[in-house]
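The values are calculated or read from the model by the stated rules, or taken from the named source; none is laboratory data. Only a predicted model underlies this, so the values are computations on that prediction, with no experimental measurement involved. Neighbour counts run over all protein chains shown; Cβ positions are idealised from the backbone, glycine included. Side chains are part of the model used for accessible areas, which takes the heavy atoms of the whole protein and leaves out ligands, DNA and RNA. Shrake-Rupley method; radii C 1.70, N 1.55, O 1.52, S 1.80 Å.
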Amino acid sequence: MKWLEACKASELAAGQPRCVEAEGGRIALFRTATGVYAIDDFCPHRSGPLHQGWLTGDTVACPWHQWVFRLEDGHCTNIPGQKVRTFPVEERDGTLWIGV
């Protein structure tokens, strides 16, 4: 696994998602009360930008058509069988790293 530097941990506030470019794609980063999560930034339905979606607890809803994804495992809660990729996140010396 390759680790990519995402941002300083202090730059990712709770409830304020951010999008990072990673190897030709985009990854959405979220900080919630339970941790920091990284998922593909596009919804599998119509490629809606998930970092612009509605964050509720540990789920995010696509801003375009409201497909809801669990940040922990990427599974869609309202459309069975759909999911987005998730990535491990580590904090090292004040910096967030994403495993791709």
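Structural remarks
- Between A14 and H65, the modelled label-to-label distance comes to 3.3 nm, taking each label 7 Å out from Cα in the direction of the beta carbon.
- With every protein chain in place, region 30-100: carbon and sulfur % of accessible area (1.4 Å): 49
- Entry comment: accessible area of the chain is 56 Å² per residue, from protein heavy atoms only and a probe of 1.4 Å.
- Calculated Cα extents along the principal axes in Å (choose from [x] 38, 27, 18; [y] 33, 32, 23; [z] 49, 28, 25), label: [x]
- For the chain, a crude dipole built from +1 on the beta carbon of Lys and Arg and -1 on the beta carbon of Asp and Glu, taken about the Cα centre, is about 240 debye to the nearest 20.
- The chain: most fluctuating residue of G81, G57, G35 per GNM, C-alpha cutoff 10 Å: G81
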